[in-house]
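Peer 1: Quick one: the structure is below, and I'll ask about it shortly.
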Amino acid sequence: TLTSTFGFDKKDIRTGHFADTYTLDGAGNYSLADATNHSDVNWSWENTLAYSFTLGKHNLSLMAGNALYKNVAEEYKGAGHNLISSTMLFYNLGGLQDSQQISSSYVQTTMASFFGRINYDYMGKYLLEVSCRADGSSRFAEGDRWGIFPSVSAGWRISEENFFKPVSDWWSSLKLRASVGSLGNQQVDYYAYLQTITSDNQFSYTFDGEGKAYYAKISNPISSGLTWETVTTYNVGLDMSFLRNRLSMSADYYVRKTTDMLTTSLTLPDVYGASTPKANCADLRTNGWELSVSWNDSFKVANKPFRYGIQATLGDYQRTITKYNNPDKLISDHYVGKKMGEIWGYVTDRFYTEDDFNADGTLKPGIPIPKGAGKVFPGDVLYKNFDDDTETIWSGEGTADNPGDQRIIGNSTPRFHYGITAGISWKGLDLSIFLRGVGKRDYWRTDQIAWPTGGWGSLFKETLDFWTPTNTNAYYPRVYSNDGVNTSYNHWKQSKYLANASYLKLQNITLSYTLPKVWSQRLYFDD
């Protein structure tokens, strides 16, 4: 079987605006006309050749193909200010100096793929699939554009074996499967491998009173050898069903290794003067599992079948950096052993009390103070001290090996994803419900409802329980006028005020009714 598919999509967007009065740079009223022409062209060409045959108890399917994709996006903009005519709305009629502005952009991306697959099974019991694809992308430089991504999977339908027959009356099916496969990721800027120059930058000051000058600027440094990120997944799974397939279960465990990860390269000092470029400079390992259980059955109500079913899914994963050029293990960046989403902060002990101070207002021995704080007061947050410096709460060297008094206090990665789908059907009525949620997630909040404010902001009822001399068992620390004095130290990222972002959401409820076939035929809704 030979299949060839060609797709073409062209989108043109033209917009224009006119304003007879508006304020420019906060001074004066002017008129404005602008126009934008945007064109987006996409085409794809996919070809596959498939061949299948059976030889005795052996079944074999072969497939090979290729695909080509191209996108071209163009945009042109023009604008004019302080028009000399209010009836002819052309942006080239602008009367202000430098008021006629034009800009343009052009982006072209292409991708080519070649792929093949072999499927084999013996008597429907032993299953094997081998595939491979080669992808080439214009987002990478010549010589680095191609990536090869093979995959292989195997399955064993144990329930088809003769030794399984004694339990087949209640154990309906059992299948063991395993796979390993890789895919590529090309999520970088369109021309990330090229050094570019922009020329529409303008100084904020003048030269010799001749107006603001324009200048050209070279882009941030680029990484050489930028190429595909490879994601390889190792998976083992088990599928089972019982009681004539009314009860079904599926379980998977997987390890996903991301190599040559496209991310920012090593941490550079601020004096470097430019943003750190992306590079294939990290490896990431993901360990995860998924579990699904479902029950589907039916019985008769008023001589009509009443069908019902419920399915529950649960899964979890964690990602760990296994390679990155950060030998100092700065916690502000990736480092080997880092779990993605980890939140570093301080462990909240309690509030300072009057008993922590001497008569002259100084702290008693052994009571630490945040580094940088000149003086603390009752009601300020007291953090736990972990390092050898018993007088100061600080961040040490800011590294995983020497974090001072900081600790990993949480993780922002959503954990234990779960979902529940339930439905019933009877006499044309169908009702389905879908719920989903996350069982564990930490989140550090800095919004206005997270903290009471001492400035000119709104004070919400959720934040009214703050420390005062008459409310020493408050939830929040003391509040300072204009959020000054020790407010910033009290708001350090810490364990006590880390939010629980787990949730259960009623995602969807659907109620439908199917008209009897006799009615629909009369209305010509059914053959």
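The values are calculated or read from the model by the stated rules, or taken from the named source; none is laboratory data. Computed from a predicted structure; not experimentally measured. All Cβ positions, even for glycine, are placed from backbone atoms using ideal geometry, and neighbour counts span all protein chains on display. The protein model used for the area step is the full one, side chains on, heavy atoms only, and it has no ligands, DNA or RNA in it. Shrake-Rupley method; radii C 1.70, N 1.55, O 1.52, S 1.80 Å.
Peer 1: Just from its helices, what would the mean residue ellipticity at 222 nm be for the chain, if runs of 4 or more DSSP H residues each count -39500 (n - 2.57) and the sum is divided by every residue, rounded to the nearest 500 deg cm²/dmol?
Peer 2: Mean residue ellipticity at 222 nm (helix-derived): -500 deg cm²/dmol.
Peer 1: How large is Rg over Rh for the chain, taking Rg from the Cα atoms and Rh as the Kirkwood inverse mean of 1/r across Cα pairs? Mind dumping the intermediate values first?
Peer 2: Numbers: Rg = 32.6 Å, Rh = 31.1 Å.
Here Rg/Rh amounts to 1.05.
Peer 1: Could you tell me which of Leu183, Leu226, Thr196 has its Cα farthest along the dipole of the stretch 122-243 towards the positive end, charges placed at Cβ (Lys, Arg +1; Asp, Glu -1), taken about the Cα centre?
Peer 2: Among Leu183, Leu226, Thr196, the one farthest towards the positive end of the dipole of the stretch 122-243 is Leu183.
Peer 1: Just how large is the dipole of the chain about the Cα centre, in debye to the nearest 20, putting +1 at every Lys and Arg Cβ and -1 at every Asp and Glu Cβ?
Peer 2: Details: 50 positive and 55 negative charges, 549 e Å.
It comes to approximately 2640 debye.
Peer 1: Right, another one. How big, on average over all directions, is the shadow cast by the Cα convex hull of the stretch 117-261, in nm²?
Peer 2: Average projection, Cα convex hull of the stretch 117-261: 14.6 nm².
Peer 1: Can you find, among Ala282, Pro166, Gly404, the residue farthest towards the positive end of the dipole of the chain? Put +1 on the C-beta of Lys and Arg, -1 on that of Asp and Glu.
Peer 2: Most positive-ward Cα: Pro166.
Peer 1: Any chance you could look up the accessible area of Lys304 with a 1.4 Å probe, heavy atoms only, rounded to 10 Å²?
Peer 2: The accessible area comes out at roughly 100 Å².
Peer 1: Assuming 0.36 nm per residue, please report the length gained on full extension of the stretch Leu194 to Asp389 beyond their Cα-Cα distance.
Peer 2: That works out to 65.3 nm of additional length.
Peer 1: Could you run the Karplus curve 6.51 cos²θ - 1.76 cosθ + 1.60 with θ = phi - 60° over the stretch 279-296 and give me ³J(HN,Hα) per residue in whole Hz, x for Gly and Pro?
Peer 2: Rounded to whole hertz, the list is 7, 7, 10, 8, 10, 9, 10, 10, 10, x, 8, 9, 9, 9, 9, 9, 9, 9.
Peer 1: Here's another thing I want to ask about it. From the convex hull of the Cα coordinates of the stretch 115-175, what is the mean projected area in square nanometres?
Peer 2: The directionally averaged projection comes out at 5.8 nm².
Peer 1: When only C-alpha pairs under 8 Å and at least 6 residues apart count, what is the relative contact order of the chain, in percent?
Peer 2: Once normalised by length, the contact order is 7 percent.
Peer 1: Also, I was wondering about something else. Rg(Cα) of the stretch 466-520 divided by 2.2 N^0.38 Å?
Peer 2: Relative to the rule-of-thumb radius for its length, the stretch 466-520 sits at 2.59.
Peer 1: Work out the FRET efficiency for Asn508 and Arg445 from their Cβ-Cβ distance, taking R0 = 30 Å, and round it to the nearest 0.05. Write down the numbers at each step before the final one.
Peer 2: Numbers: r = 28 Å, r/R0 = 0.94.
The pair Asn508/Arg445 has a calculated efficiency of 0.60.
Peer 1: Quick one: how many Å² of Tyr122 are accessible to a 1.4 Å probe, rounded to 10?
Peer 2: Approximately 60 Å² for this residue.
Peer 1: Okay, next question. With a 1.4 Å probe and all protein chains kept in place, how much accessible area does Leu459 have, in Å² rounded to the nearest 10?
Peer 2: Near enough 90 Å² of accessible area.
Peer 1: Right, something else. Sorted by accessible area with a 1.4 angstrom probe, largest first, how do Thr421, Thr487 fall?
Peer 2: Thr421, Thr487
Peer 1: Taking a label point 7 Å from the Cα of Ala134 along the Cα→Cβ vector, which residues of the stretch 168-187 have an amide N closer than 18 Å to it?
Peer 2: Zone members listed by number: 182-185.
Peer 1: How large is Rg/Rh for the stretch 409-527, to two decimals, with Cα atoms and a Kirkwood Rh?
Peer 2: 1.34
Peer 1: Next question. Would you mind checking the pairs Lys375/Lys493; Lys175/Lys505; Lys11/Lys278; Lys10/Lys278; Lys217/Lys371; Lys257/Lys329 and listing those with alpha carbons more than 29 angstrom apart?
Peer 2: The answer is Lys175/Lys505; Lys11/Lys278; Lys10/Lys278; Lys217/Lys371.
Peer 1: Okay, next question. Assuming R0 = 60 Å, what is the FRET efficiency of Val41 and Val518, from their Cβ-Cβ distance, to the nearest 0.05?
Peer 2: Result of the calculation: an efficiency of 0.75.
Peer 1: Still on this structure, please answer the following. Throw me the Rg/Rh for the stretch 340-460, computed over C-alpha atoms with Kirkwood Rh, two decimals.
Peer 2: In the stretch 340-460, Rg relative to Rh is 1.23.
Peer 1: Tell me, in nm to one decimal, what length is gained between Val152 and Ala422 on full extension, where the rule is 0.36 nm per residue of separation less the Cα-Cα distance?
Peer 2: On the way: separation 270, 0.36 × 270 = 97.20 nm, distance 3.47 nm.
Between Val152 and Ala422, full extension yields an extra 93.7 nm.
Peer 1: Right, here's the next one. Could you work out the equivalent-ellipsoid semi-axes for the stretch 292-400, taking the square root of 5 times each eigenvalue of the Cα gyration tensor, largest first, in whole Å? Let's see the in-between values first.
Peer 2: On the way: eigenvalues 592, 134, 13 Å².
Whole-Å semi-axes of the equivalent ellipsoid: 54, 26, 8.
Peer 1: If Lys and Arg each add +1 and Asp and Glu each add -1, what is the summed charge of the other residues whose beta carbon sits under 11 Å from the beta carbon of Thr258?
Peer 2: Details: positive: Arg256, Lys257, Arg285, Arg319, Lys323; negative: Glu229, Asp260, Asp283.
Net local charge, Thr258 excluded: +2.
Peer 1: Excluding residues fewer than 8 places away in the same chain, name every one of the lysines whose C-alpha is closer than 22 Å to that of Lys427.
Peer 2: Candidates past the 8-residue exclusion: Lys300, Lys304, Lys517.
Peer 1: Something else: Go through Thr258, Thr264 and list them by solvent-accessible area, largest first, probe radius 1.4 Å.
Peer 2: Largest accessible area first, the residues go Thr264, Thr258.
Peer 1: Using only Cα atoms, locate the centre of the stretch 119-151 and the centre of the stretch 383-451, then give the distance between them in Å, rounded to an integer.
Peer 2: If we compute the Cα centre of each part, the gap is 37 Å.
Peer 1: Please give the contour-minus-distance gain from Asn66 to Tyr214: 0.36 nm per residue of separation, less the Cα-Cα distance, rounded to one decimal in nm.
Peer 2: Additional length available on full extension: 48.6 nm.
Peer 1: Oh, and also: Rank these residues by their accessible area, most exposed first, probe 1.4 Å: Phe18, Phe164, Phe114. Please list the in-between numbers first.
Peer 2: Details: Phe18 80, Phe164 10, Phe114 105 Å².
Result of the area sort, largest leading: Phe114, Phe18, Phe164.
Peer 1: At 1.4 Å probe radius, can you tell me the per residue accessible area of the chain in Å²?
Peer 2: I get 61 Å² per residue for this part.
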